[in-house]
Every structure is written in C-alpha cells, then in structure tokens.
Amino acid sequence: MPVLLAEVLEVVDRLWPLSGAEAWDAPGLVTGDPGAEVRHVLFAVDAVAATVDEAIEQGADLLIAHHPLLLRGVTSVAEDRYKGALLARLIRGGCALIGAHTNADVVETGTSAVLAERLGLLDASPIVPSADPARGLGRVGRLPAPTTLGRLARTLADLLPPTAGGVRVSGGYDDPVETIAVCGGAGDSLLADPAVRAADVYITADLRHHPASEAREQALLVGGPALIDVSHWASEWLWLERAAAELAEALPGLDIRVSELRTDPWDFAVVQ
C-alpha cells in the first residue's frame with residue numbers, strides 16, 4: 001500500500017515533534033507535495049549538492065536532512081545561488097525534503113543521546129531538560145569505569161567517522177575522567193551550564209577560540225571540565241542510523257537508506 005508524504009510527515013512529527021524545536025530553528029517540510037507517494041527515503045546530516053545528487057540518483061522520493069536548508073530568511077531561490085539550485089534539482093527530481101534539526105536533538109533517542117549511548121554512558125540525562133525531564137539538549141552521564149582523557153579521545157576517534165579535523169583535546173592526556181557531558185553539534189552555548197561545569201570532560205563540536213579558552217582558564221581557577229572538540233558533522237552522523245531504524249519501524253513499507261557521504265566542510269589538515 002502506497003505511503004503518502006503526508007503520512008511520513010505525521011510519523012516524523014511523532015518521532016521528532018516540531019514542538020520540541022528551538023524558537024530560532026526551521027525544521028519540517030521544505031519542499032514536496034504532501035499528496036505524493038513515498039517509496040524510497042535517504043537520511044543525511046546535510047542537504048548539500050552531494051547528498052541531493054545521491055538522493056536523486058538513488059531514485060529517492062524523500063531526503064530527510066538533520067540540518068535545515070532554509071534556516072534564515074531567503075529572498076531568492078534563483079538557480080545561480082546554491083540553495084535555489086538545490087531546491088530546483090529536488091523539485092525536478094520529484095524528491096521532497098524534510099529537516100529534522102533541534103526537534104531531533106532533544107528526544108530520548110536524539111543526536112546527543114545516541115552519542116552518549118555509543119560511549120556507554122550510564123544514567124545519562126539531558127544537560128538542559130525540557131518540560132519533559134527525559135528530553136532536552138545534550139546528555140551527561142558516567143562511564144562504567146574511569147578512564148583517561150587520552151583513552152577517551154582515542155575511543156571517540158575510533159567511534160566517529162574520520163574527518164580532516166580529527167579529535168582535538170584540551171586537558172592532560174592522563175587526566176582521569178568518569179563523568180562526561182556531550183552535545184552533538186555546536187555546543188559552546190552550554191559551556192557555563194552547571195552540569196557541564198561539574199563533568200570531568202565536555203564533548204561537543206565547533207568550539208571557538210575565546211569560549212574554549214575562557215572555559216579552560218575558569219577551570220584552572222575553580223575547576224571545570226576538560227574539552228574535546230570533534231567534527232560537527234561526525235558528531236551527528238551517528239544519529240542517522242537510529243533515525244532511519246525508527247522511521248522503518250513506523251513505516252515498514254519504505255526503503256530507507258543512510259548516506260555515508262562525508263559532508264564535513266574540511267578536506268585536509270596540515271600538521272605543524
């Protein structure tokens with residue numbers, strides 16, 4: 001029996017409710033006819049040229065991207081601009097686009113929860129709980145047994161898909177760690193949160209110089225976590241497999257795949 005895009009949207013909103021998105025976010029249906037049939041779905045972190053081409057070439061009727069294509073105000077979708085070109089390619093290819101962003105971050109099986117689970121954290125709970133205490137931004141928990149910061153960084157490097165930037169660490173290689181805070185994607189806004197400050201290490205992405213430096217200087221003065229900075233794309237890519245499985249369980253008639261294309265924007269690094 002055919003599945004309509006409108007039915008997929010209902011399931012998506014049940015799995016990753018739009019009501020859970022941050023006020024500044026723009027998840028949901030970007031392009032596509034709710035009355036169109038959906039047979040093939042591709043999940044990706046980013047809706048960029050490579051993943052749009054992959055979706056079209058695979059004959060996907062729907063691309064579900066974690067990051068919204070249209071997050072800020074757009075005054076033109078002319079095809080000499082990349083967003084306009086991507087939208088035109090999707091429309092001509094009969095492929096709808098849905099974004100599931102912060103609404104997918106905060107659920108019990110969201111981006112940070114999956115990362116915490118893959119690290120084996122126990123008793124993981126949101127750093128910033130929502131009205132439902134099981135949901136919220138980030139996760140903080142403890143390892144089954146203490147390790148060192150260096151070993152944890154090595155575990156992360158093996159767990160995440162490889163990127164040019166690798167895994168960057170601020171702290172002593174042999175420093176003991178047991179309590180870990182994680183936030184998939186850009187998480188420097190949570191550096192001052194008490195749950196993060198109380199952890200032995202904070203794992204996130206896109207840490208900028210000044211927030212990271214100030215957090216470490218503050219830690220030297222009154223205590224605080226070591227920092228591990230990973231690729232934004234890599235930190236959220238692990239969630240795609242879980243999201244695809246959840247959608248497949250709800251709509252078993254769909255052919256659902258996960259893109260393995262690396263859409264991290266950096267291509268190589270030169271070590272000094």
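The condition of being closer than 20 Å to A6 by Cβ and free of Cβ contacts under 8 Å to residues at least 40 places away in the same chain holds for only one of L63, L86, that being L63. Can you pull out the residues in the range 50-60 that are surrounded by fewer than 17 Cβ atoms within 10 Å (Cβ to Cβ) and free of Cβ contacts under 8 Å to residues at least 40 places away in the same chain? Matches in the range 50-60: D53, E57, G59.
Do you know which of the residues in the range 80-106 that are touching a Phe, Trp or Tyr at 6+ places or on another chain (Cβ under 6 Å) and among the hydrophobic types (A, V, I, L, M, F, W, C) is nearest to V30 (Cα to Cα)? Out of the qualifying residues, it is A100. No other residue among D193, D123 is more than 19 Å from A234 (Cα to Cα), of a type in the set (D, E, K, R) and without any contact (Cβ under 8 Å) to a residue 24 or more places away in the chain apart from D123.
When V30, V11 are checked against the criterion of being surrounded by fewer than 18 Cβ atoms within 10 Å (Cβ to Cβ) and not assigned by TED's automatic domain parsing to the domain that holds S189, V11 stands alone in meeting it.
Scan the range 232-262 for residues that are over 13 Å from the mean Cα position of the chain (by Cα), of a type in the set (G, A, S) and buried (at least 17 other Cβ atoms within 10 Å of the Cβ) and the total you get is 2.
Every residue, every condition in (1) closer than 27 Å to R242 by Cα; (2) surrounded by 18 or more Cβ atoms within 10 Å (Cβ to Cβ); (3) acidic (D, E), yes or no:
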{"residue": "C183", "(1), (2), (3)": "yes, yes, no"}
{"residue": "A186", "(1), (2), (3)": "yes, no, no"}
{"residue": "P194", "(1), (2), (3)": "no, no, no"}
{"residue": "D206", "(1), (2), (3)": "yes, no, yes"}
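Only one of the numbered conditions (1) in a helix (DSSP H, G or I); (2) among the hydroxyl-bearing types (S, T, Y); (3) surrounded by fewer than 15 Cβ atoms within 10 Å (Cβ to Cβ) is violated by T155, and that is (3). Within the range 6-48, track down each residue that is more than 21 Å from the chain's Cα centre (by Cα) and closer than 11 Å to L254 by Cβ. Result: E7, E37, V38, R39, H40. Evaluated against (1) in a loop (DSSP other than H, G, I, E, B); (2) of a type outside the set (S, T, Y); (3) assigned by TED's automatic domain parsing to the domain that holds Y202, G94 falls short on exactly one condition, (3). Looking across the range 141-169 at every residue that is under 19 Å from the mean Cα position of the chain (by Cα) and of a type in the set (D, E, K, R), the one that is farthest from Y202 (Cα to Cα) is identified as D158.
For the structure I just gave you, tell me whether A134 is assigned by TED's automatic domain parsing to the domain that holds L119 and not in a strand (DSSP E or B). Judged against the criteria, A134 is a match.
The values are calculated or read from the model by the stated rules, or taken from the named source; none is laboratory data. Note that the structure is a prediction, hence the values are computed from the model and not measured. Cβ: placed from backbone, ideal geometry, glycine included. Neighbour counts: every protein chain shown.
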